[in-house]
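Shown next, in structure tokens, is the structure this report addresses.
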Amino acid sequence: MSRLSTRIRARLGPLRRRGPIRRAMAVEGMITEAEATELMRLASEVPAEASIVEVGSYRGRSTTALALGSKGAPVFAIEPHEAFAGIYGGEFGPADRRAFFENLLRAGVVERVRLVNLSSEVVSQGWSRPIGLLWIDGDHSLEGARRDFDAWRPFLQPGGVLAFHDALDPAGGPAQLIETLLAGPFERVSTVGDLVAVRLRA
């Protein structure tokens, strides 16, 4: 066993004994405690036969919240972990992949998560599972948000929830996309911090 694995396992026990929201917030990430709590709630409503899909995982805070909230539905983290500059100034890349695994190991949820290190539109081409919760927190441009939505929308179950982060900035892609979705077959579920969730009407 490597020294890195030994250090991680040594810290795993105390972290696993923390309450779920504390475990999620101990992981690096950009969502607030209130937003993490809402993700856990949304994940808890997904039936075990459906899937939870996250587009954009960074270092795993939201992934951990989804995994801790799930009552049996698998969590698929779609995150290429390649060099990328976000529209709000964030810089992301391969170093985040190692941190992602280390963080999920410490949080005790790595067995509940399937990391897919490919871009969203590539993964969706071979997808077939029904989705009960789709969490989009990747490219926040309008083009990027729409690309991710279009890639996964065919698999979202009637009654399924679609949630976006950084969704209150009227100049951002998520907010603009949500406006068009609410004029169609989606209805608003919740707004918590910068997280907005909508539901596909059954």
Query raised in the report: Does Ile87 satisfy the criteria of being closer than 25 Å to Glu179 by Cβ, modelled with pLDDT of 95 or more and among the hydrophobic types (A, V, I, L, M, F, W, C)?
Result: no
Query raised in the report: Is it the case that some residue within region 178-185 is surrounded by 15 or more Cβ atoms within 10 Å (Cβ to Cβ) and under 27 Å from Arg22 (Cα atoms)?
Result: no
Query raised in the report: Take the residues of region 12-41 that are among the hydrophobic types (A, V, I, L, M, F, W, C) and not in a helix (DSSP H, G or I): which is modelled with the lowest pLDDT?
Result: Met30
Query raised in the report: So which residues in region 137-156 are in contact with a strand residue (DSSP E or B) (Cβ under 9 Å, 6 or more places away or on another chain) and surrounded by fewer than 19 Cβ atoms within 10 Å (Cβ to Cβ)?
Result: Arg153, Phe155
Report task. Mind counting the residues in region 42-96 that are aromatic (Phe, Trp, Tyr), over 18 Å from Phe155 (Cα atoms) and part of a strand (DSSP E or B)? Result -> 2
Query raised in the report: Mind checking which residues of region 66-86 are surrounded by 24 or more Cβ atoms within 10 Å (Cβ to Cβ) and within 17 Å of Val27 (Cα to Cα)?
Result: Leu66, Ala67, Gly69, Val75, Ala77, Glu79
**Report entry** Hits in region 187-202 - residues which are surrounded by fewer than 18 Cβ atoms within 10 Å (Cβ to Cβ) and either touching a Gly at 6+ places or on another chain (Cβ under 8 Å) or not acidic (Asp, Glu) (or both)
**Finding:** Arg188, Val189, Ser190, Thr191, Gly193, Arg201, Ala202
Query raised in the report: Which of the residues belonging to region 36-65 are of a type in the set (Asp, Glu) and either buried (at least 22 other Cβ atoms within 10 Å of the Cβ) or in contact with a Pro (Cβ under 6 Å, 6 or more places away or on another chain) (or both)?
Result: Glu38, Glu54
**Report entry** Residues located in region 102-118, provided they are in contact with a Leu (Cβ under 9 Å, 6 or more places away or on another chain) and in contact (Cβ under 8 Å) with a residue 24 or more places away in the chain
**Finding:** Glu102, Leu104, Leu105, Arg106, Ala107, Gly108, Val109, Arg112, Val113, Leu115
Query raised in the report: Which condition number does Ser119 fail, the rest of (1) touching a Pro at 6+ places or on another chain (Cβ under 6 Å); (2) small (Gly, Ala, Ser); (3) open to solvent by less than 20 Å² (accessible area, probe 1.4 Å) being met?
Result: (3)
Requested in this report: Restrict the check to region 146-166 and report whether at least one residue is under 18 Å from Met30 (Cβ atoms), aliphatic (A, V, I, L, M) and touching a Pro at 6+ places or on another chain (Cβ under 8 Å).
Outcome: no
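The values are calculated or read from the model by the stated rules, or taken from the named source; none is laboratory data. On a predicted model such as this, the values are computed, not experimentally measured, just so you know. Virtual Cβ from ideal backbone geometry, glycine too; neighbours counted across all protein chains shown. Remember, those area values only see protein heavy atoms, side chains included, never the ligands or the DNA or RNA. Shrake-Rupley method; radii C 1.70, N 1.55, O 1.52, S 1.80 Å.
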